[in-house]
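Worksheet for the structure shown next.
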Amino acid sequence: AALKRTLTVLLWGELAAWNISADLALAIEDTDAKMAATAQVFDEARHFTVLRDYVKLLGEPEPIGALPRQLLRKVLAAPTLATKLIGMQLLFETNAVVIFRTLAERELCPVLSELLPYFERDESRHVGLGVMYVPTLVERMSAAEARRTARFQVECILLLMGSGFTFRADFERLELNPRQMADRVTRMQD
């Protein structure tokens, strides 16, 4: 049950990532960045489909809770290209990389241990799009746009932290260390 709940939130995150990356592919003007976002659309579609099938084997997906749902909706409705990239590439994706890596390391299931490193590799590449492209967007921002973008990022971080607390019992059942995962995410984001 703990694994199913954890994978279900990742499942809905992958669906959001699929939709957001399609938006990014349309909105980004830089050819290389557009190509990366376009490739991400396929990656996210594959991740969603594989996770959906795996979760179905565990039973029907459960609701993910108010905070994770609010976070997903916030990033899906992000008002600018920069906020979409920050929400998706720099926040969602870094968390996904760490959760996928940690689940694989736990060796809860041979299929997951073999499969999730591929997800982790893809998600790391998606983080790279944000790392490479967001600074260009930030350089072009007015002071007011930068403040709004920073506020969006802080709100998302608070929702991510709150969402993490709602999965604390599941993480403990799976013997995942939330503090260690938070440290990994922070190092990756730094």
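Tabulated values for the structure
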| quantity | calculated |
| --- | --- |
| Coordinate range along principal axes, alpha carbons of the chain, Å, largest first | 47, 30, 27 |
| Efficiency of FRET from Cβ geometry, LYS56 and ALA182, R₀ 30 Å, rounded to 0.05 | 0.50 |
| Cα gyration tensor, the stretch 1-109 - rounded (a/c under 1.5), prolate or oblate | prolate |
| Contact order relative to length of the stretch 1-113, as percent, for alpha carbon pairs under 8 angstrom and 6 or more apart | 30 percent |
| Folded to 0 to 90 degrees: helix 143-166 orientation relative to the chain principal axis, Cα | 0 degrees |
| Solvent-accessible area per residue for the chain (1.4 angstrom probe, square angstrom) | 52 Å² |
| Mean separation of Cα contacts under 8 Å (6+ apart) over length of the stretch 56-138, as relative contact order % | 30 percent |
| The stretch 32-190 - percent relative contact order, Cα under 8 Å, separation 6 or more | 30 percent |
| Cα-projected label distance for LEU158 with GLU172, points at 7 Å along beta-carbon direction, nm | 2.6 nm |
| Rounded, prolate or oblate (a/c below 1.5 giving rounded, otherwise prolate when a/b exceeds b/c) for the stretch 88-190 by Cα gyration tensor | oblate |
| Accessible-area composition of the stretch 32-190, carbon plus sulfur, in percent [1.4 Å probe] | 59 percent |
| Reach of LYS74 by Cα under 14 Å, taken over aspartates and glutamates that are not fewer than 8 positions away in the same chain | GLU155 |
| Unit charges at the beta carbon, dipole of the stretch 1-102: most positive-side option, THR102, GLY59, VAL9 | GLY59 |
| Cα-based shape type of the stretch 48-143, given that a ≥ b ≥ c are square roots of the gyration tensor eigenvalues and the cut on a/c is 1.5 | oblate |
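The values are calculated or read from the model by the stated rules, or taken from the named source; none is laboratory data. Everything quoted here is computed from the prediction, not taken from an experiment. Positions of Cβ are backbone-derived with ideal geometry, glycine not excepted, and every protein chain shown enters the neighbour counts. To get the accessible areas, we keep the full protein, side chains included, count just its heavy atoms, and leave off ligands, DNA and RNA. Shrake-Rupley method; radii C 1.70, N 1.55, O 1.52, S 1.80 Å.
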